[in-house]
1. So for the pair residue 32, residue 68, with labels modelled 7 Å out along Cα→Cβ, what separation do we get in nm?
2. Given Cβ point charges of +1 (Lys, Arg) and -1 (Asp, Glu) and nothing else, what value in debye, to the nearest 20, does the dipole of the chain about its Cα centre take?
3. Just to be sure I understand: of the beta bridges DSSP finds with both ends in the chain, what percent are antiparallel, rounded to 5?
4. Which of 62, 52, 25 moves the most in a Gaussian network model of the chain with Cα springs under 10 Å?
5. Counting only C-alpha contacts under 8 Å and six or more residues apart, can you give the relative contact order of the chain as a whole percent?
6. Mind checking the angle between helix 52-68 and the chain's longest principal axis? C-alpha axes, 0 to 90 degrees, to the nearest 10.
7. Determine by what factor the alpha-carbon radius of gyration of region 6-76 differs from 2.2 N^0.38 Å, reporting the quotient.
8. Select from region 21-76 those GluC sites (Glu not before Pro) which occupy a DSSP coil region and have at most 11 other Cβ atoms within 10 Å, ordered by residue number.
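Quick note: the coordinates plus some simple rules give every number you see, no bench work behind them. Keep in mind that what you see is a predicted model, and the values were worked out from it rather than measured. Every residue, glycine among them, receives a Cβ derived from its backbone with ideal geometry; neighbour counts consider all protein chains shown.
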Amino acid sequence: MKHKDSWRYQAVYVTRDDDMKEFSICEVYLDKDDKLEAWTENFKINPFGDTIEELTGDLQLILGDVQKWKAVLLIRCVSV
C-alpha cells in the first residue's frame, strides 16, 4: 500500500557482543513507495515541544509509531 512520503518514528535496537539488545527511537523518511530514503543521524532522539501540549503530542506520536512498526536492528555493537 502506497502512502504519502513522510517522516515517522522508528524503534531501533543495537545488539551488543553479550547478545543484549538496547532499544531507542530514531526518525526515518520513507518515499511514496515505502522505500527508506533517510534517517536521523542520532538514533536516540528525545521528544520535545515549545509547550506541554506540544511535548504531549510528540510523545503520543512516538508511542503510536513504536506500537505500529516492528523494531529493526540498527547495528551490532562490539566492545573493544
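1. Calculated label separation equals 1.9 nm.
2. That gives the chain a dipole magnitude of about 340 debye.
3. That works out to approximately 75 percent antiparallel.
4. 52
5. This gives 37 percent for the chain.
6. Once rounded, one gets 60 degrees.
7. Rg over 2.2 N^0.38 Å, computed on Cα atoms: 1.19.
8. 41
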